[in-house]
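Step one of this worksheet: look at the structure below.
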Amino acid sequence: MSIRTATANGVATIEIARPEKKNALTQAMYAEMAEALAAAGADAAVRAVLIAGQPGVFTSGNDLEDFMQRPPAGEDSPVFRFMHALADCPKPVVAAVTGAAIGIGTTMLLHCDLVYVSDEARLAMPFVGLGLVPEFASSLLVTQLVGHAKATELLLLGEPFNGERAVELGFANAVLPASEVVNHARRMAERFNALPPGAVRESKTLMRRGQHALVREQIGAEATVFGQRLRSPEATEAFQAFFQKRKPDFSKF
């Protein structure tokens, strides 16, 4: 199984477990994570959700081969079901990030409530370089979080950043040694066991209420353009270059 789930001491853990492919996400994995989030949200015994990867890698983003063979086709596609399940999760979601968090590996953190990263973490949102556009409402949320100028560096130029920078920019709460990240994140998730669950849920809803509709609208708007860009000559060149292990040539566009 590429997605492992377990519930213990009030915490539902969703572990991305495909280290041989750098935890690259397939449509089947998105479907499993969406189902796990829905189950956690409905389980009264669950007080918080923990999302983690493997030592040295959170996720390298989409599995491009699977992605090209099974591109998202509408809001009911597994990737969009995952996006909505995470954005709408009524329970606190804690992320533990070690190593690479690329593409949606970074944008999903915008929808988590607590994020802890390792001192070896490397985050990046290289959508434009692949001939695509940002997703998971990141074109809205990153700009709100860091301002237009820094968002341009992160989203248009696709500049990578480390764990310390992730904290400075507001993507994460704290940076820790890699060996401590998951345990620390779990301890933070377990703190919700001591709090009244109804008050936690209602407070999270209120904290996100002001932009919830905007986030859903932006996810849809990005999805429309993303689908168009997938069929563009620029994206074709970018993906061919990736599979051929060469630099893309955009000079003809």
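Read the figures in this text as sums done on the coordinates, not as results from a lab. Predicted model only: the values in this text are computed from it and were never measured. In this analysis, Cβ positions are derived from the backbone assuming ideal geometry, glycine residues included, and neighbour counts consider all displayed protein chains.
Rounded to whole Å and sorted largest first, what semi-axes of the equivalent ellipsoid does the C-alpha gyration tensor of region 144-224 yield via the square root of 5 times each eigenvalue?
Numbers: eigenvalues 145, 106, 21 Å².
For region 144-224, the ellipsoid semi-axes come out as 27, 23, 10 Å.
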Provide the convex hull volume over Cα atoms per residue for region 100-253, in Å³. 128 Å³
At q = 0.21 Å⁻¹, the log10 of I(q)/I(0) for region 33-191 from a Debye sum over equal Cα scatterers comes to -1.47
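Roughly what % of DSSP beta bridges within the chain run antiparallel, to the nearest 5?
Here the share of antiparallel DSSP bridges comes out near 30 percent.
So how strong a dipole does the chain carry about its Cα centre when Lys and Arg Cβ are +1 and Asp and Glu Cβ are -1, to the nearest 20 debye? Walk me through the numbers before you get to the answer.
On the way: 25 positive and 27 negative charges, 24 e Å.
Once rounded to the nearest 20, the dipole reads 120 debye.
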Dipole of region 10-167, positive end: most advanced residue of Pro19, Phe80, Ala137 [Cβ charges, Cα centre]: Ala137
Modelled label-to-label distance, Arg209 and Val225, 7 Å Cα→beta-carbon offset: nm? 3.0 nm
What number, in percent, do you get for the relative contact order of region 126-213 if the mean sequence gap of Cα pairs under 8 Å and at least 6 apart is divided by its residue count? 21 percent
Give me the distance between the Cα centres of region 124-177 and region 193-220, rounded to whole Å. 22 Å
Using only the alpha-carbon atoms of region 62-129 as identical scatterers, what base-10 log of I(q)/I(0) does the Debye formula give at q = 0.13, 0.16, 0.25 Å⁻¹? -0.44, -0.65, -1.19
Alpha carbon Rg of region 1-98, scaled by the compact-globule rule 2.2 N^0.38 Å: 1.05
Obtain the nm distance between the two label points defined at Glu180 and Phe242 by a simple spin-label model: each point lies 7 Å from its Cα along the Cα-to-C-beta direction. 3.5 nm
For the chain, what relative contact order do you get, as a whole percent, if you take Cα pairs closer than 8 Å and at least 6 residues apart? 19 percent
Rg/Rh of region 175-214 (Cα atoms, Kirkwood Rh), to two decimals, equals 1.16
Inter-probe distance in nm under a simple model that places probes 7 Å from Cα toward Cβ, at Leu145 and Ala45: 3.3 nm
Hey, if you put +1 on the Cβ of every Lys and Arg and -1 on every Asp and Glu Cβ in the chain, which of Pro196, Leu37, Leu50 ends up farthest toward the positive end of that dipole? Pro196
